[in-house]
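Asker: Questions regarding the structure given below will be posed in turn.
The values are calculated or read from the model by the stated rules, or taken from the named source; none is laboratory data. From a predicted model like this one, the values you see are computed outputs, not experimental measurements. Quick reminder, even Gly has a Cβ in these numbers, built from the backbone with ideal geometry, and neighbours come from all protein chains shown.
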Amino acid sequence: MLQVKNICGGYGTTPILKDISFQVGKGTFLGILGPNGCGKSTLLKIISSILKPSSGKILIDDKEIESYSNRELAKKMTVLPQLQGTIFSNTVRETVSIGRYPHQKGFFSQWSKEDEQAVNQAMLQTGVKRYENSYLENLSGGERQRVFIAQALAQSSQLVLLDEPTNHLDIAHQQQILDMIRKEVTEHGLTVVSVLHDINLAALYCDELLLMENGQVRAFGKPHEVVLEKEIEDVYDAQISLQAHPEQPKPQITILPEIQEPLKDKRITRNHIQIKSEYVELRSQFPLRVLSSAVHNAGLGWYENFINRTVKPDYNIEHVQEEFIQFLNKEGLSPTNTVGMMTAVESSKAIIKQYNASFGEVIVIVTAGIGGAIDVSKTYEREFPIRVGTINIWVIVNAKLSDEAFVQAMMTATEAKVKALHSEQVVDVQTKTIATGTPTDSLLIAATQTGDYMQYGGPITPVGKIVGRGVFEATIEAIRNYRKGD
């Protein structure tokens with residue numbers, strides 16, 4: 001659809017763009033990224049013929065852009081520049097209707113049903129239909145931006161050039177506009193080239209990204225090929241962390257500020273653990289980074305409070321999330337700052353063990369209800385429901401763990417738990433084989449994220465050795481505690 005070949009140019013004799021080349025296929029959403037002053041808007045102006053390149057060519061549908069008449073080019077390409085400060089005194093409908101100008105055949109051309117439909121559809125898509133009789137000067141900056149996007153859509157061209165289309169928009173309207181653009185690309189084959197400042201939005205919505213640096217192409221390709229830690233850090237001179245979007249196969253970045261909180265003695269010891277009548281509790285004075293399979297706030301996050309709550313064997317789990325939040329509020333614990341587990345085992349039977357290592361202490365807390373112990377390799381043969389039983393394990397590490405270390409530590413802890421069940425000859429009562437756990441086991445790895453950096457947490461690493469030993473020993477003691485009162 002669009003070909004950019006060896007473009008150089010800028011303003012006057014000052015070269016800004018240097019040998020820019022790329023192409024965009026029909027039905028593709030290309031995002032142009034780069035820091036301020038790198039040439040993004042200049043490139044868009046050259047593609048749209050607002051500026052003339054000093055060398056190179058722009059082709060649309062294999063035809064050089066200079067060979068199109070203004071009206072022909074307007075049917076092929078729509079340009080939405082950045083929102084301007086000067087606003088003409090037009091209504092929303094009048095402004096959007098200007099987008100139909102290229103489709104008028106003469107000075108006295110009649111307004112057609114097709115024109116009316118295109119204008120109404122564009123206003124509906126962008127959510128400005130309700131303002132159609134309002135004047136632009138009476139709208140907010142974000143509302144005006146949506147009007148101009150509606151004007152661009154009403155033009156019904158095959159290629160749309162956008163310069164920061166989500167500028168001045170709140171997150172709800174950013175999503176609305178980009179969802180709408182994405183839908184047009186996917187369902188109607190619209191080709192979009194857009195300058196975007198938000199790297200995460202660009203990676204999430206665009207098919208391809210062009211990363212610019214000092215007037216040149218630094219990287220071009222799919223989001224996962226362009227949004228790389230080294231590339232982004234070098235180009236933007238900012239430290240970031242890269243992770244996957246939780247629901248889409250797209251990269252997302254998090255800025256890492258240079259200014260950190262003053263370093264404190266961030267350590268968790270056995271003395272921080274309290275055993276109350278209804279739960280085992282850890283209340284920290286600072287957030288821990290956590291990976292868990294807990295009932296409340298499972299997954300990866302930062303939390304200060306942790307509870308392993310004892311409930312009755314006949315506890316109704318149908319509304320567990322709502323009930324658990326009510327319980328936390330009653331106990332004065334913030335639901336958004338607390339990780340919660342549940343067990344039928346009395347909190348007094350919890351085993352707490354502390355291990356000292358060269359990198360710092362590791363605390364392991366285990367409650368083991370094995371009444372519903374199962375052999376995971378035989379569950380396909382089982383009939384449910386089963387007896388109540390839950391093995392809950394906390395591992396608190398006074399060190400800084402990488403993402404790999406968190407996952408590997410969970411694997412190490414799970415292997416140690418299984419070994420403890422084997423050592424104690426815990427049997428699946430239906431299959432008569434050695435159990436590997438219960439259907440509702442929960443595991444938590446938490447780290448202070450201060451002190452020594454631990455890249456890995458497997459069984460032969462410094463962290464893994466302590467985790468394996470601690471979980472094995474604490475689980476054995478917890479099983480024996482449980483059997484005493486079974």
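Asker: Aliphatic (A, V, I, L, M) and free of Cβ contacts under 8 Å to residues at least 40 places away in the same chain, is that true of I171?
Answerer: Working: aliphatic (A, V, I, L, M): yes; free of Cβ contacts under 8 Å to residues at least 40 places away in the same chain: yes.
Yes: the conditions hold for I171.
Asker: Quick one: which residue in I396, I445, I476 is in the same structural domain as A294 (by TED's automatic domain parsing), closer than 24 Å to H272 by Cβ, outside any strand (DSSP E or B) and not hydroxyl-bearing (S, T, Y)?
Answerer: Numbers: I396 fails: outside any strand (DSSP E or B); I445 fails: outside any strand (DSSP E or B).
Of I396, I445, I476, the one residue that is in the same structural domain as A294 (by TED's automatic domain parsing), closer than 24 Å to H272 by Cβ, outside any strand (DSSP E or B) and not hydroxyl-bearing (S, T, Y) is I476.
Asker: Which residue, of L190, L178, is buried (at least 17 other Cβ atoms within 10 Å of the Cβ) and more than 21 Å from the chain's Cα centre (by Cα)? Let's see the steps before the verdict.
Answerer: Numbers: L178 fails: more than 21 Å from the chain's Cα centre (by Cα).
Result of the check over L190, L178: L190.
Asker: Any chance region 239-249 includes a residue that's among the β-branched types (V, I, T), out of contact with any Pro (no Cβ under 8 Å at 6 or more places or on another chain), assigned by TED's automatic domain parsing to the domain that holds S156 and closer than 29 Å to K76 by Cβ? Show your work before the answer.
Answerer: Looking only at region 239-249, we keep the residues that are among the β-branched types (V, I, T), and these are 240.
With out of contact with any Pro (no Cβ under 8 Å at 6 or more places or on another chain) added as a condition, the list becomes 240.
Keeping just the survivors that are assigned by TED's automatic domain parsing to the domain that holds S156 gives 240.
Of the ones still in play, those that are also closer than 29 Å to K76 by Cβ are none.
Checked against the condition, which is being among the β-branched types (V, I, T), out of contact with any Pro (no Cβ under 8 Å at 6 or more places or on another chain), assigned by TED's automatic domain parsing to the domain that holds S156 and closer than 29 Å to K76 by Cβ, region 239-249 yields no hits at all.
Asker: On the given criteria, is E424 crowded, with 18+ Cβ neighbours inside 10 Å, among the acidic types (D, E) and closer than 22 Å to Y482 by Cβ?
Answerer: On the way: crowded, with 18+ Cβ neighbours inside 10 Å: yes; among the acidic types (D, E): yes; closer than 22 Å to Y482 by Cβ: yes.
Considered against the rule, which asks whether it is crowded, with 18+ Cβ neighbours inside 10 Å, among the acidic types (D, E) and closer than 22 Å to Y482 by Cβ, E424 comes out as yes.
Asker: Given the options P257, P249, name the one that is touching a helix residue (DSSP H, G or I) at 6+ places or on another chain (Cβ under 8 Å) and surrounded by fewer than 10 Cβ atoms within 10 Å (Cβ to Cβ).
Answerer: Details: P257 fails: touching a helix residue (DSSP H, G or I) at 6+ places or on another chain (Cβ under 8 Å).
That would be P249, the only listed residue that is touching a helix residue (DSSP H, G or I) at 6+ places or on another chain (Cβ under 8 Å) and surrounded by fewer than 10 Cβ atoms within 10 Å (Cβ to Cβ).
Asker: Tell me whether region 419-441 contains one or more residues that are farther than 24 Å from K276 by Cβ, in a loop (DSSP other than H, G, I, E, B), under 32 Å from the mean Cα position of the chain (by Cα) and modelled with pLDDT under 95.
Answerer: Among the residues of region 419-441, at least one is farther than 24 Å from K276 by Cβ, in a loop (DSSP other than H, G, I, E, B), under 32 Å from the mean Cα position of the chain (by Cα) and modelled with pLDDT under 95, which makes the answer yes.
Residues are listed down the side, and each one gets a yes or a no for (1) under 16 Å from V195 (Cβ atoms); (2) in contact (Cβ under 8 Å) with a residue 24 or more places away in the chain:
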site: L2; (1), (2): yes, yes
site: C8; (1), (2): no, yes
site: T13; (1), (2): no, no
site: I20; (1), (2): yes, yes
site: G27; (1), (2): no, yes
site: C38; (1), (2): yes, yes
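Asker: In region 209-216, is there at least one residue being free of Cβ contacts under 8 Å to residues at least 40 places away in the same chain and of a type outside the set (S, T, Y)?
Answerer: no
Asker: Please list, ordered by residue number, the strands (runs of 3 or more DSSP E) wholly in region 292-383 having 3 or more residues that are surrounded by 22 or more Cβ atoms within 10 Å (Cβ to Cβ) and assigned by TED's automatic domain parsing to the domain that holds M454.
Answerer: 299-310, 338-343, 360-368
Asker: Mind listing whichever residues of region 129-175 are part of a loop (DSSP other than H, G, I, E, B), of a type in the set (A, V, I, L, M) and within 29 Å of the chain's Cα centre (by Cα)?
Answerer: L169
Asker: Kindly evaluate V185 against the criterion of being within 21 Å of Y236 (Cβ to Cβ) and either surrounded by fewer than 23 Cβ atoms within 10 Å (Cβ to Cβ) or in contact with a Leu (Cβ under 7 Å, 6 or more places away or on another chain) (or both).
Answerer: So V185 fails the test.
Asker: How many residues does region 455-464 contain that are under 14 Å from M410 (Cα atoms) and touching a residue at least 60 places away in the same chain (Cβ under 8 Å)?
Answerer: So the answer is 1.
Asker: Right, here's the next one. State whether one or more residues within region 383-391 are farther than 15 Å from L288 by Cβ and at pLDDT 95 or above.
Answerer: yes
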